[in-house]
Protein chains: 2
Amino acid sequence: MTPAAVGIDVGGTKCLGVALGEDGSVVGELRLPTPDSPEGLVDTLTHIASELGAVDAVGVAVPGLVNRDGVLLAAANLTGVKMLRLRELLEARSGLRVLVDNDNTVACLAEWKLGAGRGVDDLLLVGLGTGIGGGFVSGGALQRGHNGFAGEFGHMIVMPHGIPCPCGQQGCWERYASGNSLGYHAREAATAGKLTAVLAEAGSVEAIRGEHVTAAARAGDTEALAVIDIFADWVAIGLVNLTNLYDPGTVVFSGGLSADPDLFLPPIEHAFHESMYGGDDRPWPSIVFAELGPLAGGIGAALLTQL
Amino acid sequence: MTPAAVGIDVGGTKCLGVALGEDGSVVGELRLPTPDSPEGLVDTLTHIASELGAVDAVGVAVPGLVNRDGVLLAAANLTGVKMLRLRELLEARSGLRVLVDNDNTVACLAEWKLGAGRGVDDLLLVGLGTGIGGGFVSGGALQRGHNGFAGEFGHMIVMPHGIPCPCGQQGCWERYASGNSLGYHAREAATAGKLTAVLAEAGSVEAIRGEHVTAAARAGDTEALAVIDIFADWVAIGLVNLTNLYDPGTVVFSGGLSADPDLFLPPIEHAFHESMYGGDDRPWPSIVFAELGPLAGGIGAALLTQL
């Protein structure tokens, strides 16, 4: 049966293809390793689109900066990719109409149409992973910005002359509030002589990861809970900024934290309400976790073909 | 002659009414003092609309948080205003259709339709005055956010636990980069033993204002130019953040700085290009100054009636 739409999420290690039925349900999936050459990538994407039954169009989600002509300017996780004219190459190779967009932008599209942000005209998606990516819907339309680069929430500077970021800036939000930053704050605490149980478990300061903190906090370790509070304060600073700038009705968090909403959501909401401007006079945005999980990128890519 | 549209900009001290012709030119103006009671305000607005020849609608620009029902939640500069149902009251009093929006939002509309941002689908207006207000166009539409509060750029936190802001937050961008902040940075420099010529001119550290710095910088005072560089660094941090978030084609600055673009624009652009992520791989937004000056609020309010 011909699917209603086909999309592919290109990650650093695998390409995940998704076929959607008329009702938005996932009717097909195909995962293949991400090739390490642009030619190999175009071949793999063509193959996945064909296997999943794409007949006229395919959407592709890519990490990094992608412009509105479907050119991938740079992507930290994709080997050898620089100024890759992905839409043009894939259209020529596959014969399909091709739509290419940033993975967090399309995840926002997916959660807006089929997930945790259904029906919200002003919506943010904040993806807390290795870094922090994002996407937004304003006034009932998915936004890309002038060049296609909008929604780079992780590179909002929240600490002038702060921690250097691989992007070249200093003090980017993702240095303090990404999924990986939980481990950073824990190592800082351990270096300062705190977090003794976690340190004993991990073996050394350098070996401490976010998972150690999450596990210890679940067991009631107050020092681990204090690290989660520090992390939540940093998440809240960005959330305050995003709320003052976009005034969203709903903010959808995606990424690793989504697995532990009971541990992270209360301290994040507490810190957010503590620091936000105009507390009594304004309604709060809903803070929710993503519903579509790791398929969001593929689903959103498929939905690009229906916009 | 009946004007094409009538708008009124409500300020802390005066209400400025503007009538626009079919071609967007200003064909009438009326200024009256802002009354200090809600009833007086509604009377004055009704009078201005009538005098300027409004026949079916009037737009009103107000400072502070205004929701999408035209209720002014709070405004620092308007005495006794709290939860004022301005649209409803003014419609009942005047018999006109009434549209109410934030003053920076409508200034953005004005610069987008008739000023420095004409034809730009992704546009930011940054108003550097006593504080920093803003408005934005994304995807070719003026945006208000879920509640009407979008574009509060000045309350983006750029320094955790930084200078307290009257809004209740700490480290808001407007504490470091508003028009008034130039004086703050100058007083800091004078306290640290610098800025000797400016200090002598002003008489005391407390008496130093931004105008002293601007005048001294014009005369070539290197210490004053250094203060402008510090100020420009803070403006640039916010500009980096706004660019990473919205990816605008153009950023329009309005407010007092617009009088001295040659003094402020080069250091702001320099600091912005120094700190911005992805420098070589991405096009820069155009940084321009507003064209419509103090009439922007009234013109934008009038344009609300034509959206």
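The values are calculated or read from the model by the stated rules, or taken from the named source; none is laboratory data. Just so we're clear, the structure is a prediction, and the values are computed from it rather than from any experiment. Glycine also receives a Cβ, built like all others from the backbone with ideal geometry; neighbour counts cover every protein chain displayed.
Among the residues of the stretch A:199-214, is any part of a helix (DSSP H, G or I), within 14 Å of chain B (Cβ to nearest Cβ) and at pLDDT below 95? Among the residues of the stretch A:199-214, not one is part of a helix (DSSP H, G or I), within 14 Å of chain B (Cβ to nearest Cβ) and at pLDDT below 95, which makes the answer no. Evaluated against (1) under 26 Å from residue B:205 (Cα atoms); (2) buried (at least 24 other Cβ atoms within 10 Å of the Cβ), residue B:124 falls short on exactly one condition, (1). Could you look through the stretch A:79-94, keep only residues that are away from every other protein chain (no Cβ under 14 Å) and of a type in the set (A, V, I, L, M), and pick out the one that is surrounded by the most Cβ atoms within 10 Å (Cβ to Cβ)? Among residues in the stretch A:79-94 that are away from every other protein chain (no Cβ under 14 Å) and of a type in the set (A, V, I, L, M), the one surrounded by the most Cβ atoms within 10 Å (Cβ to Cβ) is A:90. Among the residues of the stretch A:218-226, are any acidic (Asp, Glu) and within 29 Å of residue A:109 (Cα to Cα)? No, the stretch A:218-226 contains no residue that is acidic (Asp, Glu) and within 29 Å of residue A:109 (Cα to Cα). Selection of the stretch B:164-198 for residues being under 21 Å from the mean Cα position of the chain (by Cα), assigned to a loop (DSSP other than H, G, I, E, B) and free of Cβ contacts under 8 Å to residues at least 24 places away in the same chain yields B:165, B:167, B:168, B:169, B:171. Of the strands (runs of 3 or more DSSP E) entirely within the stretch A:1-114, those holding at least 1 residues that are in contact with a helix residue (DSSP H, G or I) (Cβ under 6 Å, 6 or more places away or on another chain) and under 26 Å from residue A:143 (Cβ atoms) occupy A:5-10, A:14-20, A:57-62, A:72-74, A:82-84, A:97-102. Output the number of the condition that residue B:136 fails; it satisfies all remaining conditions of (1) more than 21 Å from the chain's Cα centre (by Cα); (2) in contact (Cβ under 8 Å) with a residue 24 or more places away in the chain. Among (1) more than 21 Å from the chain's Cα centre (by Cα); (2) in contact (Cβ under 8 Å) with a residue 24 or more places away in the chain, the lone unmet condition for residue B:136 is (1).
Residues in the stretch A:277-307 that are crowded, with 19+ Cβ neighbours inside 10 Å, part of a loop (DSSP other than H, G, I, E, B) and touching a residue at least 40 places away in the same chain (Cβ under 8 Å): A:285, A:290, A:292, A:305.
The set of residues in the stretch B:244-276 being of a type in the set (S, T, N, Q) and without any contact (Cβ under 8 Å) to a residue 60 or more places away in the chain consists of B:244, B:258, B:275. Screening the stretch A:55-75 for residues that are touching a Leu at 6+ places or on another chain (Cβ under 6 Å) and closer than 16 Å to residue A:302 by Cα and picking the one that is surrounded by the most Cβ atoms within 10 Å (Cβ to Cβ) gives A:59. For the stretch A:230-262, a residue qualifies if it is under 15 Å from the mean Cα position of the chain (by Cα) and of a type outside the set (A, V, I, L, M), and the qualifying residues are A:238, A:253, A:254, A:255, A:256, A:258.
Counting the residues of the stretch A:158-198 that are within 11 Å of chain B (Cβ to nearest Cβ) and in contact with a Cys (Cβ under 6 Å, 6 or more places away or on another chain) gives 2.
Filtered by the rule that a residue be of a type in the set (D, E, K, R) and more than 8 Å from chain A (Cβ to nearest Cβ), the stretch B:116-140 gives a lone residue, B:118. Counting only residues that are crowded, with 24+ Cβ neighbours inside 10 Å and touching a Lys or Arg at 6+ places or on another chain (Cβ under 6 Å), the stretch B:133-183 holds 1 of them.
Only one of the listed residues (A:42, A:10, A:6) is surrounded by 16 or more Cβ atoms within 10 Å (Cβ to Cβ), more than 18 Å from residue A:104 (Cα to Cα) and among the β-branched types (Val, Ile, Thr). That residue is A:42.
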